[in-house]
Amino acid sequence: MCTQAHSGHVDAAVELSELTGAPILLHGDDLRLGYDIYPDRTPDDDLTGGRETDVAGTELTVRHTPGHTPGSVSP
């Protein structure tokens, strides 16, 4: 779950996904930033505001909190 697409938040996303099989989740408003870092890899799913996602048995609700980047989210 990438809370935004600046490099410090997504640098290891592809490698981590390949090692663990975990999906890469990114809000659609940050796709352009994501493509700047990984032009050959698209996220596996969109982190739409209001989406509920189970992370290791904990249910998180995604809040779209644009500002730092257009697709910033807060789980």
For this session: May I ask you to list pairs of residues, at least six apart or on different chains, whose Cβ atoms are under 9 Å apart, with the first in segment 28-54 being over 13 Å from residue 73 (Cα atoms) and without any contact (Cβ under 8 Å) to a residue 40 or more places away in the chain and the second being assigned to a helix (DSSP H, G or I) and among the acidic types (Asp, Glu)?
Result: none
Exercise. Which residue pairs have Cβ atoms closer than 7 Å, lie 6 or more positions apart in sequence or on different chains, and pair a first residue in segment 1-18 that is within 12 Å of residue 44 (Cβ to Cβ) with a second residue that is in a helix (DSSP H, G or I)?
Worked result: 2/9; 2/10; 2/13
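Mind checking whether some residue in segment 61-73 is loosely packed, with under 15 Cβ neighbours inside 10 Å, touching an Asp or Glu at 6+ places or on another chain (Cβ under 9 Å) and not charged (D, E, K, R)? Let's see the steps before the verdict.
First, pick out the residues of segment 61-73 that are loosely packed, with under 15 Cβ neighbours inside 10 Å: 61, 63, 66-68.
When the remaining residues are screened for being touching an Asp or Glu at 6+ places or on another chain (Cβ under 9 Å), the result is 61, 66.
Now drop any that are not not charged (D, E, K, R), which leaves 61, 66.
Yes, because at least one residue in segment 61-73 is loosely packed, with under 15 Cβ neighbours inside 10 Å, touching an Asp or Glu at 6+ places or on another chain (Cβ under 9 Å) and not charged (D, E, K, R).
Every read-out reported here was derived from the displayed coordinates using simple, explicitly stated rules and does not represent laboratory data. On a predicted model such as this, the values are computed, not experimentally measured, just so you know. When we count neighbours, we look across all protein chains shown, and the Cβ atoms used for this are built from the backbone with ideal geometry, even at glycine.
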